[in-house]
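Computed from the coordinates by the stated procedures, all read-outs in this text should not be read as laboratory data. The model shown is predicted, which means the values in this text are computed figures rather than measured ones. Here the Cβ is made from the backbone with ideal geometry for all residues, glycine too, and neighbour counts use every protein chain on show.
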Amino acid sequence: MEALYDRSESYSKTCPLVVDLDGTLLRSDLVLESALRLIRQRPSHALLMPLWLLRGRAYLKQRLFRLIHLDVSRLPLHEALLSWLRDEKARGRRLVLATASDHEQACSAVHSLRLFDTVLGSDGRRNLKGRQKLERIVEVCGEEFDYAGNSRADLAIWRACQGAVLVNAPRGVERSARRAGNVVRVFPRPVIGFRDILGAMRGYQWVKNLLLFVPAITSHTIFDVPVAGKTALAFFAFALCASAGYILNDLLDLEEDRRHKTKKNRALASGRVSIGAGFLLAFLCLTASASIARFLPIAFAIALTTYIAVSFSYSVFLKRLLVVDVLALAVLYTLRVVAGGFATGIVLSPWLLSFAFFLFLSLAFAKRAADLVQHRQDNQRILPGRGYLTTDLDTVSIAGMCGGFLSALVLTLYINSESVQLLYRRPGLLWGLQPILLYYLTRLWVICRRGELTEDPIEYTAREPSTYCAASLAIVVMLAATFD
């Protein structure tokens, strides 16, 4: 925090301090939060937002507030500004909240803080922003007041106030505000770091997209340069597309993530990356993905588009449906394998697709079972935002383990089929894959039921040392079966 100079003490009891809400006291925007919540809770009503906007922004905000329930108690606050406001309040200064958000929603958002003597907001007819906000502030506070804001719309208010407090203001806005010569305090705009961007994109999840290499590996063409090159392009196209999906999913899950022990620290949920920046980042990821996909066959583009459609449907409503959510996750994983085949022109065998689907179905059930274990330990009955009760844990676990063992059965049938003779000279050695697969699956489910699986099963697999031991043994087995 930077204090250029501070003259507030000389009139702390006579000069009101007016504070903006969205982007200033909050590291978020109530309108955008409400709109995203409406899309998640009532997708059909979300289609009416353009019609509400035609009747004015104030009407739109009022409709959003009345249609959805937003857990304002978990919204990210600007802690440095909040600490300063508490100091000013302790000195006896009058604090006024003035926001373009709906008045009733603003009141509920700051009620627990017990800081503000007066709350001014939009009322369904009058959108309290810019000049209209200034007029309302003068009506309530008089000509002498300080104002804390963050955006270009606040410039007119800063010019009219006695002391301008800049909070998270962009550089261009800060330069314009300083020209009035009345800036008394600046809370610098935090720089979005590479780690936050990578976190929002969930770069650590890119390991899932290594599944696109499965067709090239299982067909023994991974060392063919054209095949490897196309698979690499497909990997980055899918990874960027998946990152866009993760960002949109996190935007729709802001409230649920803020209630979670670890997810509340995600870049979007914590407010380190704004909602607007999240949408921009998702758009850039999709654009880059589409640009890369142009160099690959049209079939790959179809698979990519299907992935986007299923992923968006999952984020909006499929995740709330019992069992359907798990099937959708298994399809999303399997689509990566299919896309790898489409990118390279490798024909995928029914054996591979069946094995992949049942294996990923087991992992998807493990992901849901891990959530149920955590909520059972916290003495919660319902899994928020999902269609499960904690009493469903045993059923989910049984279904997941059965899915894993079905994948082992498919592998057994493949080893005994005539198809195996096309790629392996000594297929009998492939029986060595069975104990490795069963070890991996059984160990994963034991860890899950112990409550130690606190992340996505694929992520856990990627960082667990035992995975690399099992993978190394599997590679040795496959090589031994391939060559004399």
Ser122: net charge of surrounding residues, Cβ under 9 Å, Lys/Arg +1, Asp/Glu -1, itself excluded?
+3
Residues with amide H under 5 Å from that of Leu120, placed H, sequence gap 5 or more:
Leu97, Ala98, Thr99
When only Cα pairs under 8 Å and 6 or more residues apart are kept, what is the percent relative contact order across the range 222-366?
27
Exposed loop sites here are chymotrypsin sites (Phe, Trp or Tyr not before Pro) in DSSP loop states with at most 12 other C-beta atoms within 10 Å. What is the longest stretch of the chain lacking them?
224-482
Antiparallel DSSP beta bridges within the chain, percent to nearest 5
15
Solution diffusion estimate, µm²/s, Stokes-Einstein, the range 337-409, Kirkwood Rh from C-alpha pairs, 20 °C, viscosity 1.002 mPa s:
156
As a check on your grasp of the helix formula, calculate [θ] at 222 nm for the chain: sum -39500 (n - 2.57) over DSSP H runs of n ≥ 4, divide by the residue count, round to the nearest 500.
-18000 deg cm²/dmol
What is the sum of charges around Val338, taking Lys and Arg as +1, Asp and Glu as -1, for the other residues whose C-beta is under 15 Å from the C-beta of Val338?
+3
Using alpha carbons only, how many degrees (0 to 90, rounded to 10) separate the axis of helix 298-316 from the longest principal axis of the chain?
50
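Tally Lys/Arg at +1 and Asp/Glu at -1 over every other residue whose Cβ is under 13 Å from the Cβ of Asp29; what's the total?
Working: positive: Arg27, Arg37, Arg57, Lys61, Lys129; negative: Asp20, Asp22, Glu33, Asp102.
Neighbour charge sum, excluding Asp29 itself: +1.
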Enumerate the whole-percent occupancy of each 10 Å bin, from 0 to the last occupied one, for all C-alpha pair distances of the chain.
4, 17, 24, 21, 15, 11, 6, 3, 1, 0
Scalar couplings 3J(HN,Hα) for the range 189-200 by Karplus 6.51 cos²θ - 1.76 cosθ + 1.60 (θ = phi - 60°), nearest whole Hz, x for Gly and Pro, are 6, x, 7, 6, x, 4, 5, 5, 5, 5, x, 5
Stokes-Einstein diffusion coefficient for the range 191-343 at 25 °C in a medium of 0.890 mPa s, Rh from the Kirkwood formula over Cα pairs: what value in µm²/s?
153
Magnitude of the Cβ-charge dipole (Lys and Arg +1, Asp and Glu -1) of the chain about the Cα centre, nearest 20 debye, reported as 820
Could you state the per residue volume, in Å³, of the convex hull enclosing the Cα atoms of the range 1-136?
113
In units of 2.2 N^0.38 Å, the Cα radius of gyration of the range 52-127 is 1.22
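Viscosity 1.567 mPa s, temperature 4 °C: Stokes-Einstein D of the range 334-484 from its Kirkwood Cα radius, in µm² per second?
77
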15 Å tail of the calculated P(r), the range 153-247, as % of Cα pairs
71
For the range 204-213, just list the computed ³J(HN,Hα) in residue order, Karplus coefficients 6.51, -1.76 and 1.60, θ = phi - 60°, integers in Hz, with x standing in for Gly and Pro.
5, 8, 4, 4, 4, 7, 5, 4, 5, 7
For the chain, longest principal axis from Cα atoms; helix 350-377 axis from its Cα atoms; angle between them, nearest 10 degrees, is 40
Intensity falloff of the range 81-190 expressed as log10 I(q)/I(0), Debye formula with alpha-carbon point scatterers, at q = 0.14 Å⁻¹
-0.56
So how tilted is helix 275-293 from the main axis of the chain? Cα-based, degrees 0 to 90, rounded to 10.
30
3J(HN,Hα) from dihedral phi, the range 89-98, Karplus parametrisation 6.51/-1.76/1.60, rounded to Hz, x for glycine, proline:
5, 5, 7, x, 7, 7, 10, 10, 9, 10
Between Arg136 and Ala471, what is 0.36 nm times their sequence separation minus the Cα-Cα distance? Round to one decimal in nm.
113.9 nm
